[in-house]
Amino acid sequence: MTNERFLRQSFLGESGQEVIGRCLVGLVGLGGGGGHIALQLAHVGFMNYVTYDADFAEDSNLNRLVIAIEADVAAGTPKVEAAKRRILGVRGAAHVETYRCRWQERPEPLRACDLVFGCVDSFAERRELEACCRRYLIPYIDIGMDLHQAGDEPPVMGGQVILSMPNGPCMFCLGYLTEEKLGREAARYGAAGGRPQVVWPNGVLASTAVGVAVDLLTDWSRSLRGPVYLAYRGNDGTVVPHPRLVHFRGGACPHYPPDQVGDPLFKRL
Ligand SMILES: [Zn+2]
């Protein structure tokens, strides 16, 4: 049955499909973006998952949360359980670990992952997640969408997919994270309210991220080399290499030096 199932993606190669099946994938955030990713990974053939989300399905999520239905809102289903049910519906033999908490409260399972997807809300969360992945030499894929509106102009919808590889340029190197952005976010923390989130950009970003992951694991395109920083432009429906990547000059990442890996060492005073 399994061979039959993946017939139409046999260009990934037998070994490629095996690598996908063996990969332990971490999913942090199972909202609008993470839900799409979970679902797609199950179809692609991923078998081993570590999932984190502290939230429950709510009515205000149903505009975008593809893993949940109205009954989940009524029952208050945790998002990690909604994702697990969806994954097991496609891959009954999959192994799905669910953590209904922030990953920082149970970091050990995340550190064991071969690949981590981050679908989180804030720059600060992204920085922490990337730092953890760097320390444990885990490729990290970040997605997010945003909507900006100035004056009477139509809103501008954007988003990003970033692949941050150990030893490669990080999200600071690529200019996606800056101290200024982090500072501004910290200053308005708690006052901003919920940012706009809708289903279709999350679908594009999640699909793009899954594509990056599959290519990373199987090398089917033989062209995924170097950093990935893709910019989604919702107003014209395009995904293109971000201008900052085009101008990225390369060089070693100064933010996560190669000697700072593994468990942090604590010195006895
Ligand atoms: Zn860096």
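Among the criteria (1) under 16 Å from VAL120 (Cβ atoms); (2) small (Gly, Ala, Ser); (3) part of a loop (DSSP other than H, G, I, E, B), the one GLY168 does not fulfil is (1). Put simply, of ASP263, ASP215 the only residue that is more than 15 Å from the ligand (Cβ to nearest atom) and part of a loop (DSSP other than H, G, I, E, B) is ASP263.
Given the criterion within 20 Å of the chain's Cα centre (by Cα) and modelled with pLDDT of 95 or more, identify the matching residue among ALA83, ALA75, ALA71.
Details: ALA75 fails: within 20 Å of the chain's Cα centre (by Cα); ALA71 fails: within 20 Å of the chain's Cα centre (by Cα).
From the options ALA83, ALA75, ALA71, the qualifying one is ALA83.
State all residues of the range 142-159 that are more than 16 Å from the ligand (Cβ to nearest atom) and either of a type in the set (Lys, Arg) or crowded, with 21+ Cβ neighbours inside 10 Å (or both); if no residue qualifies, say none. I'd like the intermediate steps shown before the answer.
Restricting attention to the range 142-159, the residues satisfying the condition of being more than 16 Å from the ligand (Cβ to nearest atom) are 143-159.
The answer is ILE143, GLY144, MET145, GLY159.
Could you identify the single residue in ARG195, ARG184, ARG222 that is of a type in the set (Lys, Arg), over 20 Å from CYS23 (Cβ atoms) and without any contact (Cβ under 8 Å) to a residue 40 or more places away in the chain? None of the other options fit; the residue is ARG184.
Any chance the range 49-59 includes a residue that's of a type in the set (Gly, Ala, Ser) and either in contact with a strand residue (DSSP E or B) (Cβ under 8 Å, 6 or more places away or on another chain) or in contact (Cβ under 8 Å) with a residue 40 or more places away in the chain (or both)? Checked the range 49-59: at least one residue is of a type in the set (Gly, Ala, Ser) and either in contact with a strand residue (DSSP E or B) (Cβ under 8 Å, 6 or more places away or on another chain) or in contact (Cβ under 8 Å) with a residue 40 or more places away in the chain (or both).
Residues checked against (1) at positive phi; (2) within 14 Å of the ligand (Cβ to nearest atom); (3) surrounded by fewer than 16 Cβ atoms within 10 Å (Cβ to Cβ); (4) more than 16 Å from the chain's Cα centre (by Cα):
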{"position": "GLY168", "(1), (2), (3), (4)": "no, yes, no, yes"}
{"position": "GLY183", "(1), (2), (3), (4)": "no, no, yes, yes"}
{"position": "GLY194", "(1), (2), (3), (4)": "no, no, yes, yes"}
{"position": "GLN197", "(1), (2), (3), (4)": "no, no, no, no"}
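The values are calculated or read from the model by the stated rules, or taken from the named source; none is laboratory data. The model shown is predicted, which means the values in this text are computed figures rather than measured ones. Virtual Cβ from ideal backbone geometry, glycine too; neighbours counted across all protein chains shown.
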